[in-house]
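In what follows, a single structure is set out as structure tokens and then discussed.
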Amino acid sequence: MTPEQQQIRELAREFAENELRPNAEHWDREGKLPRDVVAKLGELGFLGMLLPEEFDGLGLDTTTYLVALEEIARGDASVAVAMSVHNSLPTQMIRAQGSDAQKERWLKPMARGEMLGAFSLSEPDSGSDAASLTAQARKVDGGWVLNGAKAWVTNGGFGDVVVAMARTDTADDRRGAKGIGAFIVPTSTEGYIVGKKEDKMGQRASETVGVAFQEMFIPDDQLLGEPGMGFIYALQGLNGGRLGIGAIALGIAQAALEHAVAYAGERRQFGAAIKDFQGMQFKLANMATRIAASRALLHQAGDARESGGNAVQMASMAKLFASETAMFVTTEAIQVFGGYGYMKEYPVERLFRDAKVTEIYEGTSEIQRTVIARELYR
Ligand SMILES: Cc1cc2nc3c(=O)[nH]c(=O)nc-3n(C[C@H](O)[C@H](O)[C@H](O)COP(=O)(O)OP(=O)(O)OC[C@H]3O[C@@H](n4cnc5c(N)ncnc54)[C@H](O)[C@@H]3O)c2cc1C
């Protein structure tokens, strides 16, 4: 790690140790995060890590951001996913496609943590096949009127501004990836209706909501880039987003390994610490090795994104490998804890639940494999 990466890592670790870890269990049980956690992330600069200084960001490279995100996830994966969605998707989409005026208006408060961002692509009937979305954007004088139902929006009610995709061209021959627009939608907009908060298996403190757009007027200056290009912008955002999910998976796995190592040193059976049994040593060794490999792949993918390598394939590989590692490591961590691992009073139970969704959101493992294979034939 560079000295800058070490410094950011220490800052993130200190924050996670003091403010997140001690509260993670409680927030999980309550199913919500206090808003001041977001404000503190903003004060640290963690909500503008990838934005240039001219927009009040820290102007860091992708890998340094991933280092910080891993540490935050090691403390609490729910906080990390709020941070990841904000940094990777809405802010990056506005940065890449926004006009100067849009960047000035939205990016600065987002970087400072005064506005938390969200991303809304999925719908009840369109998940992996996101290009089949049906929310409509109808052109009217001075703007667009949006109608439709969106699903599973992280930060969708808790946050302040959503980059939402809706179909701007309804002609049948233009269905599919073309003819979708990306809109900057403050959650306070009339007609933005926050629906049911999902009762989830894991990452329970992170808010996931359904949202309805009901005759929601969005002025022209809140359309991002070209009207028919929103789906392409969303996919570009997701390439970066997947690295963020990889870092979250890695942080969860690292936390589970640390708990397992500590417990195996303390727990005694047959007159010895269980860490002295080779069966346990092999488990811990496999966990540590997969984590180290995930981290190496993730940082390589982060560097590829900075240097213009095949970032798409690398991002999918890193997300796939890290999320499957998180499931492997958290499952093994419960095994190391035995019956206690199955109890909610021990943290590995929560980490196991938190890990699963990393194999699902921002592209399932099946979709990551599809992307990786497709890139082999390019
Ligand atoms: C907690 C959480 C938070 C989320 N946050 C957001 C958010 O902020 N914004 C947002 O837009 N979305 C969000 N999502 C949605 C998420 O991105 C989707 O759940 C994901 O893309 C998968 O879509 P789906 O759930 O509809 O599954 P489906 O697409 O219905 O897939 C079902 C199964 O079929 C498999 N499958 C589908 N197509 C293929 C194929 N071609 N080949 C092989 N297998 C295939 C899938 O891999 C999966 O195993 C969130 C989801 C969750 C659970």
Criterion violated by F328 - all others in (1) open to solvent by 40 Å² or more (accessible area, probe 1.4 Å); (2) outside any helix (DSSP H, G or I) satisfied: (2)
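On the basis of being over 20 Å from the mean Cα position of the chain (by Cα) and not polar (S, T, N, Q), does K178 make the cut?
Values: over 20 Å from the mean Cα position of the chain (by Cα): yes; not polar (S, T, N, Q): yes.
So K178 passes the test.
Only one residue in E349, E345, E366 is in a helix (DSSP H, G or I), farther than 25 Å from M314 by Cα, out of contact with any strand residue (DSSP E or B) (no Cβ under 7 Å at 6 or more places or on another chain) and among the charged types (D, E, K, R). Which one? I'd like the intermediate steps shown before the answer.
Working: E345 fails: in a helix (DSSP H, G or I); E366 fails: farther than 25 Å from M314 by Cα.
Being in a helix (DSSP H, G or I), farther than 25 Å from M314 by Cα, out of contact with any strand residue (DSSP E or B) (no Cβ under 7 Å at 6 or more places or on another chain) and among the charged types (D, E, K, R) holds for just one of E349, E345, E366, which is E349.
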Helices (runs of 4 or more DSSP H) fully within the range 29-141 counting 2 or more residues that are farther than 25 Å from Q254 by Cα: 35-44, 90-97, 108-112
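Taking D125, is it more than 17 Å from L238 (Cβ to Cβ) and more than 13 Å from the ligand (Cβ to nearest atom)? Reasoning before the result, please.
Values: more than 17 Å from L238 (Cβ to Cβ): yes; more than 13 Å from the ligand (Cβ to nearest atom): no.
Here the answer is no, as D125 does not meet what is asked.
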For residues that are within 12 Å of the ligand (Cβ to nearest atom) and open to solvent by 70 Å² or more (accessible area, probe 1.4 Å), scanning just the range 345-378, find the one that is nearest to V153 (Cα to Cα). I360
Filtering the range 7-46 down to residues that are open to solvent by less than 30 Å² (accessible area, probe 1.4 Å), over 21 Å from R105 (Cα atoms) and among the aliphatic types (A, V, I, L, M) yields I8, A12, A16, L20, A24, L33, V37
Given (1) buried (at least 19 other Cβ atoms within 10 Å of the Cβ); (2) out of contact with any Pro (no Cβ under 6 Å at 6 or more places or on another chain), where does P124 come up short, assuming only one miss? (1)
Within the set of pairs 6+ apart or on separate chains, which have a first residue in the range 12-23 that is free of Cβ contacts under 8 Å to residues at least 60 places away in the same chain, a second that is of a type in the set (S, T, Y) and open to solvent by 20 Å² or more (accessible area, probe 1.4 Å), and C-beta atoms under 8 Å apart? none
Give G228, G195, G148 a once-over and let me know the one that is open to solvent by less than 50 Å² (accessible area, probe 1.4 Å) and under 20 Å from Q97 (Cα atoms). G228
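Picking from Q278, Q300, which residue would you name as being of a type outside the set (A, V, I, L, M), without any contact (Cβ under 8 Å) to a residue 12 or more places away in the chain and away from the ligand (no atom under 16 Å from the Cβ)? Before you say what the answer is, go through the steps one by one.
Numbers: Q300 fails: without any contact (Cβ under 8 Å) to a residue 12 or more places away in the chain.
Of Q278, Q300, the one residue that is of a type outside the set (A, V, I, L, M), without any contact (Cβ under 8 Å) to a residue 12 or more places away in the chain and away from the ligand (no atom under 16 Å from the Cβ) is Q278.
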Out of all the residues in the range 129-140, is one or more open to solvent by 50 Å² or more (accessible area, probe 1.4 Å) and either closer than 18 Å to G42 by Cβ or within 15 Å of the ligand (Cβ to nearest atom) (or both)? yes
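Yes or no, residue by residue, for (1) open to solvent by less than 10 Å² (accessible area, probe 1.4 Å); (2) in contact with a Phe, Trp or Tyr (Cβ under 6 Å, 6 or more places away or on another chain); (3) under 20 Å from L235 (Cβ atoms); (4) of a type in the set (A, V, I, L, M):
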position: G48; (1), (2), (3), (4): yes, no, no, no
position: T64; (1), (2), (3), (4): yes, no, no, no
position: A68; (1), (2), (3), (4): yes, no, no, yes
position: A82; (1), (2), (3), (4): yes, no, no, yes
position: M93; (1), (2), (3), (4): yes, yes, yes, yes
position: D100; (1), (2), (3), (4): no, no, no, no
position: P109; (1), (2), (3), (4): no, no, no, no
position: E114; (1), (2), (3), (4): no, no, no, no
Output for Cβ contacts, cut-off 7 Å, separation at least six or different chains, first residue more than 16 Å from G181 (Cβ to Cβ) in the range 118-129, second assigned to a loop (DSSP other than H, G, I, E, B) and near the ligand (Cβ under 6 Å from one of its atoms), reads S128/T364
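The values are calculated or read from the model by the stated rules, or taken from the named source; none is laboratory data. Being a predicted model, the structure only gives us computed values, none of them experimental. Every residue, glycine among them, receives a Cβ derived from its backbone with ideal geometry; neighbour counts consider all protein chains shown. For the accessible areas, the whole protein counts, side chains as well, though only heavy atoms, and no ligand, DNA or RNA atoms are used. Shrake-Rupley method; radii C 1.70, N 1.55, O 1.52, S 1.80 Å.
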